[in-house]
Amino acid sequence: MPSARRELRKGLSTPKVPKVWVPLNAIAGKRECDPIIDVQCNGSVLHGVLVDGRAGVNVMTIPAMRYLGLKIDRPVLVTLKMANKQVVRSEGVISNVVIIVMRVSTIANFHVVLEEDGVYPMILSRPWLTKLHARNYWGEGYMTIRIPLNQ
């Protein structure tokens, strides 16, 4: 008999199918339940940032990196498999980037990829969500985060 935990995990990890077909792009497969937010970094605001609980690493495009005035810290020989099954090469990693989302400041590392036909300048992933103790209500269209007392 399967455990309740395994059955619950199986039910939660089932991907949701969008009601309207949306084309996939080089960065991520946009689904209607993915939250899109604004991120502040280095005094600039980056609009249209995807929060993707299925992604394993934070990703930023080269144009977004230049817009925010950031530079690659170290080159890496890593390939990333995107949501649309496309494999892309990371140009490098930007470490310890201070980003502000919903008035909460956090530090994150980003893999930098070439922008091909992607629509998202940045993807915030599962490690970022975990760091903020975020709860994402995918189907209902909102997300909550725990604001530390010192902010």
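Since every read-out is calculated from the coordinates, none of them should be taken as a lab result. None of these values were measured; they are calculated from a predicted model. Note that we place each Cβ from the backbone using ideal geometry, even for glycine, and neighbour counts take in every protein chain shown.
Structure values in brief
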item: For E91, E140, order by how many other beta-carbon atoms lie within 10 Å, fewest first; result: E140, E91
item: Ranking of Y120, Y142, Y67 by count of other Cβ atoms within 10 Å, fewest first; result: Y142, Y67, Y120
item: Share of pairwise Cα separations in region 33-144, more than 16 Å, in percent; result: 57
item: Under the Karplus curve 6.51 cos²θ - 1.76 cosθ + 1.60, θ = phi - 60°, whole-Hz ³J(HN,Hα) for region 80-93, x wherever Gly or Pro sits; result: 10, 9, 8, 4, 8, 6, 7, 9, 10, 8, 6, 6, x, 10
